[in-house]
Amino acid sequence: MSEHRRHFEVEAVILAIDSNYEFMKCGLCKHGITAPGLVTVTLERGESLVIIKRVPAEVCDNCGEYYLSDDITEHVLQRAEIAINNGAEVEIIRYPAQEIGIGAIQ
């Protein structure tokens, strides 16, 4: 996606944390700690707007900034590209739980 703008709205969903989980300090605010959660990713190109809900991310507990893994980023951009290529002006997609290995989270 050549021209895209990222906007975030963090849903109040934090996933269970494994005892071996290593927390990451937020690179934006420098005060918060990230934890696994689900976010809404909004991408815009030209006249098209693609919203992908419930995307797994590392979410800062202080400022709400989120970080996507390389694999998740690739999948999000692929889904957005497909929507735009299909002529979507506005597309709202729910990220599939089975693809992220969280199964029954609603």
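Each value in this text was obtained by applying a stated rule to the coordinates, not by laboratory testing. Bear in mind that the values here come from a model prediction, so they are computed numbers and not experimental data. Virtual Cβ from ideal backbone geometry, glycine too; neighbours counted across all protein chains shown.
Tabulated data
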item	result
Shape box of segment 59-101 [Cα atoms, principal axes, largest first, Å]	37, 24, 17
Label-point gap, in nm, between H31 and N62 - each point 7 angstrom along Cα→Cβ	0.6 nm
Charge sum, other residues only, whose C-beta stays under 9 Å from R94's C-beta, Lys/Arg counted +1 and Asp/Glu -1	+2
